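Notes for the one structure printed next.
The values are calculated or read from the model by the stated rules, or taken from the named source; none is laboratory data. The shown structure was predicted, so the numbers you read here are calculated from the model rather than taken from an experiment. For neighbour counting, all protein chains shown are included, and Cβ atoms are generated from backbone atoms with ideal geometry for every residue, glycine included.
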Amino acid sequence: MSWTVGKPLEGTWKERDLYVFLREISTRFKADSFSWNPPNVPANSTVDTTLTTSDDPKLVGLRVGMPITVSPPSTIDAGIVVGPAWVATDDTLTIRLGNATAGAINPVTGTWAYFGMVI
């Protein structure tokens, strides 16, 4: 996605240029929260789960290759490790969870958050 505004030159931006720039930034940043019930994670393993807009419509606008981070709820189970997250196809979010314990863990439903930027 190319930028629609040019590089600012010191002292040359007008008020309109600032509004155009802020609009550009607001369309590139994607951040929201969603409710998710993660799957059971077996002992000493990882599980990748792909969420789509049918799981939560708030995922609309995520684009392939965009850098993205996820934040778990404060109630995340001890032993669960939140690994990387990525957008493999538009409007989807894949999250990797790991279990560093000797027993299976079935994480509870909670409110997760994501933040990404279309580059």
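Descriptive notes on the structure:
- So residue 89, is it out of contact with any helix residue (DSSP H, G or I) (no Cβ under 8 Å at 6 or more places or on another chain), over 26 Å from residue 26 (Cβ atoms), not in a strand (DSSP E or B) and not aliphatic (A, V, I, L, M): no
- Scoring residue 102 on the criteria (1) in a loop (DSSP other than H, G, I, E, B); (2) modelled with pLDDT under 95; (3) among the small types (Gly, Ala, Ser) leaves a single failure, condition (2).
- Residue in the range 107-116 that is part of a loop (DSSP other than H, G, I, E, B), within 14 Å of the chain's Cα centre (by Cα), of a type in the set (Gly, Ala, Ser) and surrounded by 13 or more Cβ atoms within 10 Å (Cβ to Cβ) present: no
- Subset tally (residues that are in contact with a strand residue (DSSP E or B) (Cβ under 8 Å, 6 or more places away or on another chain) and exposed (fewer than 14 other Cβ atoms within 10 Å of the Cβ)) for the range 84-99: 2
- Pairs with Cβ under 7 Å, 6+ apart, first in the range 75-101 and of a type in the set (D, E, K, R), second surrounded by fewer than 16 Cβ atoms within 10 Å (Cβ to Cβ) and not in a loop (DSSP other than H, G, I, E, B): 91/52; 96/46; 96/48; 96/83; 96/84
- Qualifying residue in the range 51-61 (condition: on the phi > 0 side of the Ramachandran plot, touching a residue at least 12 places away in the same chain (Cβ under 8 Å) and outside any strand (DSSP E or B)): yes
- Test result for residue 26, hydroxyl-bearing (Ser, Thr, Tyr), free of Cβ contacts under 8 Å to residues at least 12 places away in the same chain and either in a strand (DSSP E or B) or out of contact with any His (no Cβ under 6 Å at 6 or more places or on another chain) (or both): yes
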